[in-house]
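To keep things clear, I will list the structure first and then write my remarks on it.
The values are calculated or read from the model by the stated rules, or taken from the named source; none is laboratory data. This structure is a prediction, so every number in the text was calculated from the model and none was measured. Every residue, glycine as well, gets a Cβ built from its backbone with ideal geometry; the counts of neighbours run over all protein chains shown. The area values use the complete protein model at the heavy-atom level, side chains included, leaving out ligands, DNA and RNA. Shrake-Rupley method; radii C 1.70, N 1.55, O 1.52, S 1.80 Å.
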Amino acid sequence: MAETGTRPKLAVWKFASCDGCQLSLLDCEDELLAVAGAVEIAYFLEATRAEVAGPYDLSLVEGSITTAHDAARIKAIRQASKRLITIGACATAGGIQALRNFADVRDFISIVYARPDYIETLATSTAIAEHVKVDFELRGCPVNKHQLLEVLAAFLRGRQPATPGHSVCVECKQRGNVCVMVAHGTPCLGPVTHAGCGAICPAYDRGCYGCFGPMESPNMAALNHWLARLGVDQPTIARLYGTFNVNAEPFRAESQRHGG
Amino acid sequence: MVTSGDAYVILPAALDGLIQALRADYRVLGPTVQASAIVYDELTGLADLPRGWTDEQAGGHYRLRRRDDGALFGYVVGPQSWKQFLHQPVQPLWRARQSEDGVTFEPPPTPARPLAFIGVRACERRAIAIQDRVLLEGSFADAHYAARRAEAFIVAVNCGQAGGTCFCVSMGTGPKVEDGFDLALTELDPAGEHRLLVEVGSERGGRLMAGLPQRPATAADRDAAEAAVARAASQMGRAMPAVDVPAVLARNLEHPRWAEVAERCLTCGNCTMVCPTCFCTTVEEDLDLAPDQAGRTRKWASCFTLDFSYIHGGSVRQSGRSRYRQWLTHKLATWHDQFGSSGCVGCGRCIAWCPVGIDLTEEVQAIAASEQG
């Protein structure tokens, strides 16, 4: 094992998010010691108050950009990072909070906060890659912890991470699930959704919610046509796409087109 | 003395004896109801079989339905095939560990017990034969498949009914299992004098049969079995067009139909996953945080993914059109050149389990019909 100081320095940063993706790293109970042995955890406030100054060999970034302050902060982090990897739907697509992009954010502020005048925010929630160069994007809401470890391992070995961009269906069938859409008539976004979760929801007889965003070659029109045949109405189709990846094309376009 | 080629009649209850006898030496897998479908899983006894259930199938549609009798094999084929067990979706290949003494490799664990399959349909038996051809013959025999296939005990079941997506008759692959079984069952008269005709196909099948309560089959039993299979043959929901399919497809690689089907195709890969003959795999690096360990795992792959045709500079088959064409022309045409037969057995899974119900027989028909002007 490498001596302290020679291991790559890892930083974990938070922007507008729920912390769930960072927690996925702490949730790697069995592998956490191996991670701590392989990298020097230099900045990870969710795990420790201790901070080691940059530059950092690898920054993991969670969350989206929703304030002018954060827009400036991500630029500083990018400058202090040799490699920058975004983790989770907020960082890769703007997250659920990107629903503000399709409404007037001031309306939300007036409803949510007792003193709206205290709130300084941007009109939009956007992905990190819209602000700085990103070396790799790891999808998911939240990210899959095995994939997160895969990304770290690939970084350490200097290889490409194996995070296939095909549909959830491939994982679903590998797992031996019965297709919920074909066998039960349950609407499912699996055919247009990026793999990575291991097809959790269909394993429990639920349709895929699209947490990992669009797959590599999504045929939205074909799926929507079939969803309509299953009796799913237009507003429901808009809501199906209008969740954690609402700002990721073509989920954004479909959500808007169906009245989201 | 029970010998190969003989036929006997057993009562449904005797199947429990068959399952128990097999369980002494095998991991017994067969049809059972799970998640509103008939799937293949471990059987512990007669009660696990889908008694009184059937399936309704169409393009993108599968529903479990109650029968009005107590048939044990009164369904067609479900979402999985025996590929699930012989050519596993996720197959560990090896682990390696580095120490001061060098690098040591560990092979994956081998199955503790051989497999016994109960309920192998004619199309499925043919599919196993095709995967045998692909994975066992030729220069690169697959050791993992071979280890699971070698001792596999096959209890075939002749179909007494066909489903809406079946087309084995037009592929010449069913509905009767002709060979390659240890025992072959034909279920007779489930609403009346419920019994099963058992044909013995191997010595070990005969030994097993000798231990069950049985009587020799009469001419009437044999006639009833033939009638059951004839009924299934007459019920095919689909047919592959009676044309020279490889030639038709080879002449029509730029046919506009490929673009039309691509408008509907999700490129999700479901058809390849459920196909009992599709065999493609990819190899992934195991998680390797520890610097002194490595490993590889093989997983089912699909020609519908971009990774599948990724070479230096990008993926060769970018469009859904080129990916669907690749799959269909390999399955129905170039498979002949490569392996000496069609890659399709007419089970209809790719039709039923396509989330949007794309039907390969319909696609071939459209292309073939356009040639006739």
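Quick notes on this one:
- A Förster radius of 56 Å, combined with the Cβ-Cβ distance separating B:Glu178 from A:Leu32, puts the computed FRET efficiency at roughly 0.45.
- Loop GluC sites (Glu not before Pro), the stretch A:110-173 (other Cβ atoms within 10 Å of the site Cβ: 16 or fewer; DSSP): A:Glu120
- Remark: the stretch A:108-206 carries a charge dipole of roughly 360 debye about the Cα centre, counting +1 on each Lys and Arg Cβ and -1 on each Asp and Glu Cβ.
- Partner aspartates and glutamates for B:Lys331 [C-alpha distance under 20 Å; skip if fewer than 8 residues away on the same chain]: B:Glu124, B:Asp132, B:Glu137, B:Asp244, B:Glu254, B:Glu260, B:Asp307, B:Asp359, B:Glu362, B:Glu363
- Of the trypsin sites (Lys or Arg not before Pro) in the stretch A:195-260, the ones in a loop by DSSP (not H, G, I, E or B) with at most 16 other beta carbons within 10 Å are A:Arg206.
- The distance linking the stretch B:173-250 with the stretch B:307-370 is 29 Å (Cα centroid to Cα centroid, whole angstrom).
- Solvent-accessible area lost in complex, 40 Å² minimum, residues of the stretch A:151-183 relative to chain alone, 1.4 Å: A:Arg157, A:Arg159, A:Val170, A:Lys173, A:Gln174, A:Val178, A:Val182, A:Ala183
- Per-residue extension of 0.36 nm, minus the Cα-Cα distance of B:Ala96 and B:Asp25, leaves a gain of 22.4 nm for this segment.
- Computed on chain B, with alpha-carbon pairs under 8 angstrom and 6+ residues apart, the relative contact order is 22 percent.
- Binned Cα-Cα distances of the protein assembly as shown, short to long, each 10 Å bin given as a whole percent: 3, 14, 22, 22, 18, 12, 6, 2, 0, 0
- Largest accessible area first, the residues A:Leu60, B:Leu253 order themselves as B:Leu253, A:Leu60 under a 1.4 Å probe with ligands, DNA and RNA left out.
- In this Cβ point-charge picture (+1 for Lys and Arg, -1 for Asp and Glu), chain A has a dipole of about 400 debye about its Cα centre.
- In a DSSP loop and with at most 14 other Cβ atoms within 10 Å, the GluC sites (Glu not before Pro) in the stretch B:128-203 are B:Glu137, B:Glu151, B:Glu178, B:Glu193.
- Residues of the stretch B:207-242 with an amide N closer than 16 Å to a point placed 7 Å from the Cα of B:Gln372 along the Cα-to-Cβ direction: B:239-242.
- Kirkwood estimate for chain A, i.e. one over the average of 1/r between Cα atoms, Å: 19.4
- Rounded to the nearest 20 debye, the dipole magnitude of the stretch B:245-371 is 260 debye, with +1 charges on Lys and Arg beta carbons, -1 on Asp and Glu beta carbons, and the Cα centre as origin.
- Chain B: C-alpha pair distances exceeding 36 Å, %: 27
- Seen from A:Pro202, the other residues with C-beta closer than 15 Å to its C-beta sum to a net charge of +1, counting Lys and Arg as +1 and Asp and Glu as -1.
- On the beta carbon distance between B:Asp132 and A:Thr6, with R0 = 56 Å, the FRET formula returns roughly 0.60.
- Theoretical ellipticity at 222 nm over chain B - DSSP helices of four or more residues, -39500 (n - 2.57) apiece, nearest 500: -8500 deg cm²/dmol
- Antiparallel DSSP beta bridges within the stretch A:1-106, as percent of all bridges there, nearest 5: 5
- Among beta bridges that DSSP assigns inside the protein assembly as shown, antiparallel share in %, nearest 5: 65
- Relative contact order (%) - criterion: Cα under 8 Å, at least six apart; region: chain A: 17
- Computed over the stretch B:245-371, the alpha-carbon pair-distance distribution with 5 angstrom bins reads 2, 10, 18, 21, 20, 12, 6, 4, 3, 2, 1, 0, 0, each value a whole percent.
- FRET efficiency, B:Tyr310 to B:Arg207 (Cβ-Cβ, R0 60 Å, nearest 0.05): 0.75
- Mean separation of Cα contacts under 8 Å, 6 or more apart, over the residue count of the stretch B:92-230: relative contact order %: 20
- Distance histogram in 5 Å bins (all Cα pairs of the stretch A:9-157, percent per bin): 2, 10, 19, 22, 20, 13, 8, 5, 2, 1, 0
- Exposed loop sites here mean chymotrypsin sites (Phe, Trp or Tyr not before Pro) with a DSSP loop assignment and at most 12 other beta-carbon atoms within 10 Å; chain A contains its longest site-free run at A:1-112.
- Pairs over the 22 Å Cα-Cα cut-off, from the set A:Lys14/A:Lys82; A:Lys75/A:Lys145; A:Lys9/A:Lys133: A:Lys75/A:Lys145.
- Whole-angstrom gap from the stretch A:138-203 to the stretch B:1-71, using each part's C-alpha centre: 32
- The A and B chains share an interface that buries close to 3200 Å² of accessible area, total over both sides, probe 1.4 Å.
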